[in-house]
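Asks: Below is the structure I would like to discuss, written out as structure tokens.
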């Protein structure tokens with residue numbers, strides 16, 4: 001089993017219970033049930049009731065998460081009260097539109113006692129949230145990852161969803177997340193049919209330092225998992241770098257004609273720790289040019 005926290009996260013509306021089984025079986029690292037944007041206001045209470053079944057019906061080792069509504073609004077507070085009573089606890093909670101560390105601390109205060117394994121994922125999707133990244137990522141709450149919310153952020157700026165205008169915001173998230181030693185997950189591609197575009201966008205996110213990406217349809221999961229997993233050639237190169245590090249006494253040396261030193265040694269060790277058990281020796285999945 002690989003140890004990377006999340007390559008893919010498949011989002012399913014809580015009111016679409018007919019899709020639950022497809023979500024569990026999709027191959028996504030995390031299966032997410034959504035109480036927020038995909039649920040009309042008039043059906044929020046129904047969604048909370050159905051989300052109970054999402055967690056109760058999951059088969060091990062499926063990891064399940066829930067996206068609540070904004071905690072500064074009544075719907076979000078009602079979500080937290082409902083989660084307290086779930087017979088099968090939601091250990092992973094996505095908190096949308098996070099704009100302060102306090103947003104996360106509220107969630108921990110409400111759920112923490114009944115959910116000792118709680119992990120929070122902060123969706124960063126407002127200009128104010130990005131301005132406060134350092135404060136948010138240094139919270140005392142159990143923050144495990146930040147997620148880029150491209151749609152709301154682009155709408156706030158009055159721009160489209162093209163990759164280039166949003167590179168700066170994506171880069172800010174990567175830097176803040178890595179400084180805090182937490183994961184960073186990219187927003188979904190809203191075009192559900194163009195898998196080539198999905199692959200290109202996922203590869204760009206990987207190149208920036210993202211560890212995974214959200215999917216909105218099961219057909220997107222396989223592409224995302226493939227992009228965010230190394231292939232056999234990449235793993236072999238990491239082995240060569242680690243071996244060279246040991247032979248050189250951790251000093252600067254060369255591998256395949258390229259100079260390598262401590263940053264390369266550390267990156268290769270981390271890659272092997274995360275993924276070596278995942279990819280068979282004869283696998284050709286992924287691309288050595290992805291990282």
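Asks: Any residue that is part of a helix (DSSP H, G or I), assigned by TED's automatic domain parsing to the domain that holds residue 36 and within 19 Å of residue 107 (Cβ to Cβ) - is there at least one of those in region 136-150?
Replies: Scanning region 136-150, I find at least one residue that is part of a helix (DSSP H, G or I), assigned by TED's automatic domain parsing to the domain that holds residue 36 and within 19 Å of residue 107 (Cβ to Cβ), so the answer is yes.
Asks: Which ones in region 143-168 are surrounded by 19 or more Cβ atoms within 10 Å (Cβ to Cβ) and in contact with a strand residue (DSSP E or B) (Cβ under 7 Å, 6 or more places away or on another chain)?
Replies: Passing the criteria: 143, 145, 146, 147, 148, 149.
Asks: Exactly one of these conditions fails for residue 112: (1) assigned to a loop (DSSP other than H, G, I, E, B); (2) at pLDDT below 95. Give me its number.
Replies: Condition (1) is where residue 112 drops out.
Asks: Check whether at least one residue in region 178-185 is in contact with a strand residue (DSSP E or B) (Cβ under 9 Å, 6 or more places away or on another chain), surrounded by fewer than 16 Cβ atoms within 10 Å (Cβ to Cβ) and modelled with pLDDT under 95, and report yes or no.
Replies: Yes, region 178-185 contains a residue that is in contact with a strand residue (DSSP E or B) (Cβ under 9 Å, 6 or more places away or on another chain), surrounded by fewer than 16 Cβ atoms within 10 Å (Cβ to Cβ) and modelled with pLDDT under 95.
Asks: With surrounded by fewer than 20 Cβ atoms within 10 Å (Cβ to Cβ) and either touching a strand residue (DSSP E or B) at 6+ places or on another chain (Cβ under 6 Å) or assigned by TED's automatic domain parsing to the domain that holds residue 207 (or both) as the only criterion, which of 16, 82, 51 stands out?
Replies: 16
Asks: Pull out all pairs, ordered by first then second residue, where Cβ-Cβ is under 6 Å, the residues are six or more apart or on different chains, the first lies in region 229-255 and is more than 27 Å from residue 27 (Cα to Cα), and the second is modelled with pLDDT of 80 or more.
Replies: Matching pairs, first to second residue: 244/253.
The values are calculated or read from the model by the stated rules, or taken from the named source; none is laboratory data. Given the structure is predicted, the values throughout are model-derived calculations rather than measurements. Every residue, glycine among them, receives a Cβ derived from its backbone with ideal geometry; neighbour counts consider all protein chains shown.
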